[in-house]
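One structure below.
Where a number appears in this text, it was derived from the coordinates with a stated rule and is not lab data. The structure displayed is predicted, hence computed values, not measured ones. Here Cβ is always computed from backbone atoms with ideal geometry, including for glycine, and neighbour counts include all displayed protein chains.
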Amino acid sequence: MSTPETVGCSSRVLQTCLPRHRSITTFSRRNSDARPVVRTCVYTPTRSEEQTALKLEAQVVPPANLLNEILAPVKSDMEQMNQNLKNVVGNRHPMLMAAAEQIFGAGGKKLRPVIVFLVAHSTAQREGLTELTDKHRRLAEITEMIHTASLVHDDVLDECDIRRGKKTINSMYGTRVAVLAGDFLFAQSSWFLANLDNLEVIKLISQVIADFANGEISQAASLFDTDITLEQYLDKSFYKTASLIAASCRSAAVFSDSPVEVKEAMYSYGKHLGLAFQVVDDVLDFTQSTEQLGKPQGQDLASGNLTAPAIFALRKSPELLDIISSEFVEEGSLERALELVRETGGIEEARLLARQQADMALAALECLPEGPSRRSLRLMVDYVLERIY
Amino acid sequence: EIKAQLLSELEGLDRGIFGVPAAKKARILALISELEKHNTQTAPTANLEAVAGDWRLLYSTITITGAKRTKLGLREFVQLGAFIQHIDTANNLAVNRIEFSVSGFSSLRGFLTIRANYNVVSERRVGITYLDSTLVPTQLQKIFEANLDLLLSIFNPEGYLDLTY
């Protein structure tokens with residue numbers, strides 16, 4: 001395997017390389033924590049890189065500033081992307097133009113394209129590229145479009161009025177416009193994707209759209225199913241949330257011409273970050289108050305969607321099993337169920353699970369060179385976890 | 001008058017199949033036993049002609065909640081319709097016919113028909129022996145294909161029935 005010798009960089013691969021086709025088949029999309037990443041690589045920094053790293057590490061980041069610190073290296077990239085996105089949607093039709101402001105205006109943190117840009121910068125740095133390619137930029141836009149499309153459709157399905165502090169498309173313009181806007185975003189992103197002309201990336205990202213559907217369907221099929229295993233939960237969480245992040249991270253590495261270990265590592269980073277994110281979300285549904293959540297506490301449980309805290313608690317509480325199987329028909333049974341989840345330590349175990357996923361995400365960053373981008377990727381993991389406490 | 005009370009309690013319950021709070025259940029059972037106290041018929045199985053014909057289910061302790069309900073699609077896609085019991089005293093046959101309807105592009109209506117023989121065991125009790133079951137039309141068979149055992153186990157009448165009228 002050729003490890004590019006570029007100015008100022010040296011890289012060392014721990015294991016010898018296997019032919020490309022073999023690397024793809026040993027690689028598993030489904031999450032099973034018992035199976036480790038097949039190849040790892042550790043980046044050996046140059047002296048100047050080490051010094052920069054030590055300086056950066058010495059800076060303690062207060063929580064309030066965490067997000068700003070993370071976004072700093074990609075601020076101008078994001079501004080450029082936001083402008084491009086408005087143009088993409090806006091030109092077609094007045095109906096979409098009105099929706100565009102809703103969709104791409106300020107409100108969401110747009111973490112997914114941020115992650116794409118950070119991975120792009122860091123992998124490009126590793127391969128000695130001085131700046132991002134147009135394909136990197138397009139990839140970030142595609143990622144945000146796909147994510148937004150899924151949200152627009154989700155709001156229709158869940159009959160949501162508010163999203164990111166603003167009225168949803170379906171509540172302002174009706175279901176029809178919302179469905180069409182979502183379809184448009186999926187279709188446009190597919191077109192952009194095809195024009196990137198890279199089969200590996202096309203397959204990676206197309207898989208995500210299928211995964212979204214599979215995730216929703218498998219969730220609906222397992223409502224109130226107290227036999228659900230942790231593995232099934234992680235699979236479903238992967239399809240719903242982590243799949244997009246993992247695929248876009250790997251794709252960013254593809255466009256940096258990264259070697260296969262780096263591509264796999266970036267996929268692993270995205271997957272475990274995404275899973276940590278989903279587990280945190282699921283914990284918050286139990287721990288945050290109604291005001292903080294913007295909806296009643298324990299809605300996941302109430303609707304039969306059994307998430308990590310409930311799954312852990314079910315192992316210990318037969319009473320919880322009965323309450324869930326009866327679909328909370330008794331007065332006060334939902335409150336009792338929430339109590340049981342707390343008492344049996346279900347929430348603590350779920351926090352631990354999130355921590356484990358976060359650690360796996362951090363481990364995947366080892367092959368990247370030190371710098372502002374890698375630092376931001378590391379801080380991103382902290383950011384995802386900090387909401388949980 | 002007790003009957004009227006009972007009927008109003010049962011309103012909106014969908015026969016109690018999809019979950020009834022314990023307190024309400026207790027009230028219903030209390031009304032039923034209250035009603036029983038006024039019953040003068042002490043040996044119902046002696047004159048089974050009186051129960052011949054079609055009967056509509058009003059209330060049951062059969063429960064389909066949780067994973068069972070999800071697996072049978074009874075949450076959003078499949079609706080449970082009327083549950084009719086037909087007693088054929090000439091042939092000692094009890095036939096349960098359960099209506100299902102499926103919302104969607106072509107509204108589909110079908111029936112699960114379960115046939116069983118009955119035989120008198122005591123003054124109040126009849127034994128039930130399951131004969132066969134059919135699901136029509138074929139589209140309905142497809143829908144329940146993966147969970148047919150579950151469906152039949154819920155509505156399986158095998159065992160005995162205590163009669164009262």
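Some points to look at:
- Scattering curve values for the range A:64-386, log₁₀ I(q)/I(0), Debye with Cα scatterers, q = 0.08, 0.09, 0.11, 0.15 Å⁻¹: -0.38, -0.48, -0.72, -1.27
- Principal axis dimensions, the range A:226-293 - Cα atoms, whole angstrom, descending: 46, 31, 14
- Coil-residue GluC sites (Glu not before Pro) of the range A:87-194, DSSP, other Cβ within 10 Å capped at 13: A:Glu131, A:Glu159
- Within the range B:1-48, GluC sites (Glu not before Pro) in DSSP loop having at most 13 other beta-carbon neighbours inside 10 Å: B:Glu1, B:Glu11
- Based on the convex hull around the alpha carbon atoms, the range B:1-130 presents an average projected area of 9.8 nm².
- Note on A:Gln207/A:Glu79: beta-carbon distance plugged into 1/(1 + (r/R0)^6) with R0 of 35 Å gives a FRET efficiency of 0.70.
- The simple Förster model, with R0 at 60 Å and r as the Cβ-Cβ distance, assigns A:Asp257 and A:Leu352 a FRET efficiency of 0.95.
- Directionally averaged shadow of the protein assembly as shown, computed from the convex hull of its alpha-carbon atoms, nm²: 31.4 nm²
- Net length gained if the chain between B:Glu123 and B:Glu49 were fully extended (0.36 nm per residue, minus Cα distance): 25.2 nm
- Chain B: most fluctuating residue of B:Gln139, B:Gln79, B:Gln41 per GNM, C-alpha cutoff 10 Å: B:Gln41
- Its relative contact order, with pairs defined as Cα atoms under 8 Å and 6+ residues apart, puts chain B at 19 percent.
- Scanning chain B for long hydrophobic helices, with DSSP H runs required to stretch 27 angstrom or more by C-alpha along their axis and to average at least 1.6 on the Kyte-Doolittle scale, returns nothing.
- Listed values for the range A:211-228 are Karplus-derived 3J(HN,Hα) couplings in whole Hz (6.51 cos²θ - 1.76 cosθ + 1.60, θ = phi - 60°), namely 5, 4, 4, 4, x, 5, 5, 5, 5, 5, 6, 10, 4, 6, 7, 6, 7, 4, and x replaces Gly and Pro.
- Modelled FRET efficiency - R0 45 Å, A:Met97 with B:Asp132, Cβ distances, 0.05 increments: 0.10
- Expressed as a fraction of 2.2 N^0.38 Å, the value expected for a compact globular protein of N residues, the C-alpha radius of gyration of the range A:165-230 is 1.51.
- Between the range B:107-165 and the range A:155-193, the alpha-carbon center distance in angstrom: 46 Å
- Principal axis dimensions, largest first and in whole angstrom, of the range A:108-187 by Cα: 49, 25, 15
- Based on Cα contacts under 8 Å between residues 6+ apart, the range A:64-386 shows a relative contact order of 20 percent.
- Qualifying trypsin sites (Lys or Arg not before Pro) in the range A:118-185, DSSP loop, other Cβ atoms within 10 Å at most 14: A:Arg164
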